Structure formats: C-alpha cells, structure tokens
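Worksheet for the structure shown next.
The values are calculated or read from the model by the stated rules, or taken from the named source; none is laboratory data. A quick note: this is a predicted structure, and the numbers were derived from the prediction, not measured. Glycine gets a Cβ as well: all are built from the backbone with ideal geometry, and neighbour counts include every protein chain shown.
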Amino acid sequence: MAEINRALCRRTAAECIGLARLTTDIDTKEALLTRGQEWLKLAYSDHDDEFERLLGEFNTQQLGVEHASAHPDAAPAHAAAGQGEAESKR
C-alpha cells in the first residue's frame, strides 16, 4: 500500500474547513466539516491518540461541542441523559 501523504491530507482538511466557514448553507457546511474530519483521520491514521485529541479540539472550535467519542454510532452524552428522563416519565 502506498504511503499516505500526511501534509497533503492536512492541507485538504484545512481547505474543507475554510470552505465550510464561507458557506451559509448548513448542509454544505456539515458535509465540508465531515470531509475535513475524514482527511484529518487519514492524516493521523497511525497516531490514534493524537487524532482523538485533535478531533476533540476541532469539534470544540467548529461546533462548540465537547468531544465525547469519535465513534459515529455513539450517542452524545446529552442525548443519552435525555433518553433516561423520557423513559422514566412513561
């Protein structure tokens, strides 16, 4: 397998983030930020701990959200807390 050009991946991620800042369309912004995260993940694919730290910082900066987990199927902490309240009211 060819070696990953990490600098190119980081530059492409930065371009995605820059474009996301320019658009006013929320769906386009979300897609660009998601792509930026994917490029960063590729750039740091052999460095999971560093990637997790950078992803947490990225999410906090871009979305104002604390990073709980990088797993896409993991529910955010505030969503899980709300589920327990809804179930106890039934």
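Tell me, which residue of the stretch 21-30 that is surrounded by 13 or more Cβ atoms within 10 Å (Cβ to Cβ) and part of a helix (DSSP H, G or I) is farthest from the chain's Cα centre (by Cα)? Checked the stretch 21-30; the qualifying residue farthest from the chain's Cα centre (by Cα) is Thr28.
Considering the stretch 31-57, the residues that are part of a helix (DSSP H, G or I) and of a type in the set (Phe, Trp, Tyr) include one that is farthest from Arg6 (Cα to Cα), namely Phe51.
Checked against the criterion of being modelled with pLDDT of 55 or more, under 15 Å from the mean Cα position of the chain (by Cα), assigned to a helix (DSSP H, G or I) and of a type outside the set (S, T, N, Q), the stretch 65-79 has no qualifying residue.
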